[in-house]
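The values are calculated or read from the model by the stated rules, or taken from the named source; none is laboratory data. Keep in mind it's a predicted model, so treat the numbers as computed, not measured. Using ideal geometry, Cβ is built from the backbone for each residue, glycine included, and neighbour counts are taken over all protein chains shown.
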Amino acid sequence: MSGASETSTRLCEHEGCELPGKFRAPKAPDVLDEYKWFCKDHVREYNLKWNFFQGQTEAELNAQATKDKVWERETKDFRDPEARAWARLGIEDPHQVLGNNATRNPGKQGVGTRRLPPTERRAIEILDARDNWSKADVRKSYKALIKVLHPDMNGGDRSQEDQLQEVVWAWDQIKESRNFK
Ligand SMILES: [Zn+2]
């Protein structure tokens, strides 16, 4: 949320500080285009102090979320694996839409409920699948991943070939497994 720097002569806005104010921080969660300028130490201090989620009620947070999606995503969604899991299902704000149910990560349901050999457990994780899926279901997930990862199918992007290899390996494990019907 900070760290952008600018070469100017402004001074750090921290009271009594005489250092150049090279680092900026948004003035408020809902004012992202106005900044305060600080030296390196004071921008860090400002950011640490300003934990704006702290002390807010859920209603206020929800109001904030709709008010400023950008800020919301930066502070929560991108860093929170649970939010990402919901996002994969097209649910942007699970806490707002689902209330308390939101704490049940959709990516974790059905995982770890069966005894599986470690290779198959790992394979299921890689394929983003669930223990209780049929082989056909796992195959669908495998196909979907291949579409994204394989250079022949994603427009020539080879940056994800390591992951592609893992996915192919994982499907081999499940394909041959007697634990999946
Ligand atoms: Zn300073």
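Filtered by the rule that a residue be within 13 Å of the ligand (Cβ to nearest atom) and part of a loop (DSSP other than H, G, I, E, B), the stretch 7-27 gives ARG10, CYS12, GLU13, HIS14, GLU15, GLY16, CYS17, GLU18, LEU19, GLY21, LYS22.
Here is a yes/no grid of residues against (1) modelled with pLDDT of 90 or more; (2) on the phi > 0 side of the Ramachandran plot; (3) of a type in the set (S, T, N, Q):
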| site | (1), (2), (3) |
| --- | --- |
| ALA123 | yes, no, no |
| LYS135 | yes, no, no |
| VAL148 | no, no, no |
| MET153 | no, no, no |
| GLY156 | no, yes, no |
| SER159 | no, no, yes |
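Here is the figure for the stretch 111-139: residues that are in a helix (DSSP H, G or I) and more than 12 Å from ILE174 (Cβ to Cβ) total 1.
Of the residues making up the stretch 146-166, those that are within 21 Å of the chain's Cα centre (by Cα) and not acidic (Asp, Glu) number 6.
Answer with yes or no whether ALA129 is at pLDDT 80 or above and either in contact with a helix residue (DSSP H, G or I) (Cβ under 7 Å, 6 or more places away or on another chain) or closer than 30 Å to PRO26 by Cα (or both). So ALA129 fits the description; yes.
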